[in-house]
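This report concerns only the one structure given below.
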Amino acid sequence: MTEVNSRLFVSACWDRLEQELVSVIEQEKTRDILAPVVVLAGSKILAQNLELNIYPELSHKGIGINVRFLVFPQLAQALELTNPFPEFKPIASDSLKWLMVKNLLKSLPPENYFSRVKDYNGLCETIINEYKDFKDGLIMGEEMKLLAEALAKDNTEPKQKALFELFKSLDQRLRDYEQEWEQYLRAIDLAERFSKVFGASHFLVYGFYDFTAIQRKLVSGIARHTRMTAFMLKPEKEDWFFEYARRVFEFYKNSLGLKPEYLKPEFTKTNLSVFKKALSTGEKTQLQSDQSVCIIFAPGIDREVLEICREIMRLVKKEGLKFDEIGVLVRDYESYSRALQEAFEIYGIPYFLANGKAILEFSAIRTAMKLLSIPEENYSRQDVISVVSSQCFKGATSELAGLFDVISREAFIVNGKDEWEKRLDEYISSLKASLKSEEREPDEDEDKEQSKRRKGLIEKKIQASQKLQVITKDLFQSLERIKSETSWKEMVELAENLLGKYVDLDFDQEPELRESLKGIFDEIEELEKTKIPADYGIFLVLIERAFGAQTVPHGKFRQGGVCLSELMLARGVRFKAVILPGLCEGSFPLPIQEKPLFSDEERERINQLLEKHNGKAYLSLKRQQPLEERFLFFLACQQADKFLVLSAPWLSFENNQEKPASFILYYALEKLFSEDIELDRIYEIGKEKKQSWIRKVSISEFFPDKSERALNKDDWENKEIAKSQDNLDAIRHLLKEPSIIRLCELAQERWLSKELGSFSGFFGADEFYKKNLDRVLPETFSPHKLESYFSCPFRYLMERILEVSELGEPARRWDFERHEQGTLLHTILHKLFCELKNQTDLRDREKFFNTLKEVIFRDGKKYLLEELLAPELITDLELDEAEAFLAYWHQDIIPSEEFNKWQTELWIKEKTAELELDTGEKVYLSGKIDRLAKGKDALEITDYKFGSADDLSKKPLQQFQLPIYLLSALNLAPVISPEKIRARFLVMDTKGLQKPESIGVSGIMLDELRAKLGEWIKRMREGIKQGFFVPNSEGKKKYSKCTYCAYPALCFGTSGDWAQKLKNNRLKEYKEFLEDNTHKFSLEKEKND
């Protein structure tokens, strides 16, 4: 029992409790103005808040000295320091405990219950948390012995027995280290010295609704020797909210013998008072027409956060609040903190983070973590590039670093430090070769200016590649050295040196980052004393845990910024305005997560055993969490002095489904309106009750509902535009801005017109395009260029004019597209006919098959392994299939006997093949012939295709090659008669050993082919002159046509709005041309025996 005159003040409002606290302190000071007063507060921020609120009032009366506001760790430390013979022990850090547990698990025998999962790092975390729960629950010494004996009689609990053995072993290993609970135990033994330590005869306890067993014992110890007054929030009648906190109330009343005194709140005539009273008493009162309570339902978290920012600006601009008088108290901090911080930064709202800012949120620390993790990710391309391309990386200039990603993709690097070295060597060699050949042999479709730009780019790539090679070599060697260390001290020293060399820790301009990083490394370095060998995997886990837990201050409490806090940290802190986001299921209340090692049933059984022993030790039960969530809601609502904002997302964009509102909010509104509210009505309750302070924000409502909620000028203008939809004169001033005019024109073209314009990819009226037409109008035409434009002019614009290319992610391949299998055959046949130079070689069966096998397993294998990054097993299967096909059908693939020599991959150089259009304009043809076979007075052009001849004959846009090659061949061999020249597709399919098919055209049809090809080229030139780069799409319904396009995110033709454009005459004319001219180029199928 406590001293006489000990009291318990309870109230439904925080302001009444705070007033009574001031009154009690004044009474103490009236007896002795120098008498020390000690107040134990429920949280650190609450202690700061009481200090800021109460000190000025007491100081004004001249009694503000010797008043201390403490939290539990400070109280325990102050009592412990009175021990005349303290025993010094080093602190057991989190890293030390984790390493001890990991080492314990590693040494478990195979028959142990946890041996099967001992390698999982999550088990370490769980064991540490359970160990702490037991210590906080005062389950140690005699209590642990009691439980062990009880379990020894029960053979059905192997898990609990194994866990208690682990706890016992952990106690032994940590006996030479100081743990937090040991300080509490010593403080409990010295509790009677409270008055002597603090010089206070009165112990004040403020703002608690729960205690751990060890905290409760400390409070009891002090209360037995000192007069005590407690202050507790409690609803007047409504037990639904108070059920969780009843345990503490009963502890105060029954265990400590405190007599409850109810402080009646003073409710004013505002909606906030009505709401608070409804929560406290369940009584309905007439609602007012003010904005003291605001409930917002928004579509998704991001929109909810936007509305919160608007509400903050309204409170500041219209209601006259200061930013630091507003508290945003978040229950689901993980989901909301980042979104809120980003929004505050965007809209210039100053803020204070009660939780501090995790150092892992800083770019330099994230880069440091990724750098150290590279070996564990097998030096993967993504991880290495994310480090060396980071702005925090000190190894290269930003210009070169910008090329690292492209280089690593083009070099086909996937992972492995050896692969980095090999592929970069090969890539640099290929770049140097390309640089040498650039002037002699420009690419088929590039003009001289493009060639010059390409040459400059190659030079830059060589420079960047060489720099990347130097960086990766040094970086990988350093990481391997760290990885091989067995000393924690040496490992830390090497890691610090590496980060100092490559990571700019001052990049984020946060002075405390270096200190935090040093503290983390010092903590890990202390592990050297454990004599446990260092392990790089464990080192990374410890670093990651520390980076995630370590924070640095951001802002100062009540000094100019909105307080953004996890609700538990700021419980009991009064603000003029409180904002509670996330009032939906899964966020507030948080989902119940049972402890994985001890279920609630097991914990309850332990509590029953302990209750019979001494009744002081206990473990909390997770199923009580919903009860705690209720009380936290009540507690937070009562923290609002003038304004309360409740918000919830009504839509989840992740699954496009409506999110259920919190059951706590349902209950609160039912109490407010004194009626049941159906689940599907809550979002419309504002309209039904005609209460404007309850509002649902629609998906399309991007503007604030009132001007005072505008965040900035743009937000205000959006509101004015929405308000003035029927009065364009009110917003005509906005149309003076050129950017606004341009946006309006583009929007009008997209939504309101079937006419084509810049948004649709038609630049005919664009002056800039007209001035630069000469740069984009081609003079040379290749098969691929024609196919690219007519298959989709928009894609041609992206690929050929804007030169926007898709960079694929190198990865191990387990299956291949048909065109990749075709490329394999191209590679093999090119190399084969380079080595077999004449008919004699072809007719020598032994030489042919030996050469074929050699080429397949040399060049074919290199292509699959190094370019497609295929696994060895898949490579062997593909090559076996290719060998079987080419060997079986070799007679159909080789040139006939009338052709005695050939060239492979023959480039048609620029301006060697001329074509005159019927307009009189001259253009040139280009391309690459797979095989040109020459006879005495004949030519045969062969282009390899993969698939079936029937499919190819239905795809006219893929048939441009034959007429272009045929016309080009006449320039290459003008002495040969046209009827002796034939161009063909050799169509192959390795699946099922299908017989190769040959389809083609003869020079006999030369005039017809020239006219048809000229018509296509003329049409393409006209389209480019007109600026016609419109998508060839039928809209969303036929989106499958664009499956292999790299630009769907940029293409207007894939949206539903495209349908109206299909009615445009210019687009109709383009499509009609395709339909009318998609005939074959008179391709004939050759007969094969």
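Read-outs throughout are calculated quantities, based only on the coordinates presented, and are distinct from any laboratory measurement. Bear in mind the structure is a predicted one, so any value in this text is a computation, not a measurement. Virtual Cβ from ideal backbone geometry, glycine too; neighbours counted across all protein chains shown.
Data for the structure
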{"item": "Packing-based exposure ordering (other Cβ within 10 Å, fewest first) of 562, 470, 274, 552", "result": "470, 552, 274, 562"}
{"item": "Partner lysines for residue 153 [C-alpha distance under 23 Å; skip if fewer than 8 residues away on the same chain]", "result": "145, 161, 168, 612"}
{"item": "Segment residue 145-residue 772, extension gain: residue separation times 0.36 nm, minus the distance between their alpha carbons", "result": "216.9 nm"}
{"item": "Under-5 Å amide H pairs with residue 487, H placed in peptide plane, nonlocal only", "result": "534"}
{"item": "When segment 359-552 is reduced to its Cα atoms, the Kirkwood hydrodynamic radius in Å", "result": "18.3"}
{"item": "Interchain or long-range residues, amide H under 5 Å from residue 947's placed H", "result": "988, 989"}
{"item": "Table column - 3J(HN,Hα) (Hz), segment 562-574, Karplus curve with 6.51, -1.76, 1.60, x for Gly and Pro", "result": "4, 7, 9, 9, 5, 4, 4, 6, 10, 5, x, 7, 7"}
{"item": "Contour excess over end-to-end distance, with Cα ends at residue 497 and residue 435 and 0.36 nm allotted per residue", "result": "18.5 nm"}
{"item": "Segment 359-552, relative contact order in percent, only Cα pairs under 8 angstrom and at least six apart counted", "result": "29"}
{"item": "Rounded to 5, percent antiparallel among DSSP beta bridges of the chain", "result": "35"}
{"item": "Pair residue 261, residue 129: separation of 7 Å Cα→Cβ label points (nm)", "result": "4.2"}
{"item": "Candidate lysines - alpha carbon under 23 Å from residue 1061, same-chain residues fewer than 8 apart omitted", "result": "754, 1025, 1036, 1037, 1038, 1041, 1071"}
{"item": "Computed over the chain: relative contact order in percent, which uses C-alpha pairs under 8 Å that are six or more apart", "result": "12"}
{"item": "Net charge dipole size for segment 812-894 [Lys, Arg +1 and Asp, Glu -1 on Cβ; Debye, nearest 20]", "result": "260"}
{"item": "Candidates per trypsin sites (Lys or Arg not before Pro) in segment 823-912, loop by DSSP, up to 15 other Cβ within 10 Å", "result": "837"}
{"item": "Sequence-distant residues sharing a close amide H with residue 227 (under 5 Å, placed H)", "result": "203"}
{"item": "Contour minus Cα-Cα distance for residue 459 and residue 791 (0.36 nm per residue)", "result": "116.2 nm"}
{"item": "Qualifying trypsin sites (Lys or Arg not before Pro) for segment 471-560 [loop in DSSP, other Cβ within 10 Å: at most 16]", "result": "531, 556"}
{"item": "³J(HN,Hα) computed for each position of segment 243-248 - Karplus, 6.51 cos²θ - 1.76 cosθ + 1.60, integer Hz, glycine/proline x", "result": "4, 5, 7, 4, 4, 5"}
{"item": "21 Å Cα-Cα threshold exceeded, pairs from 461/483; 318/689; 284/689; 102/483; 44/317", "result": "461/483; 318/689; 44/317"}
{"item": "Selected from 590, 977, 948, residue furthest toward positive end of dipole (the chain; charges at beta carbon)", "result": "590"}
{"item": "Across 460/831; 955/1063; 417/501; 135/622; 934/1012, pairs whose alpha-carbon gap is larger than 22 Å", "result": "460/831; 955/1063; 934/1012"}
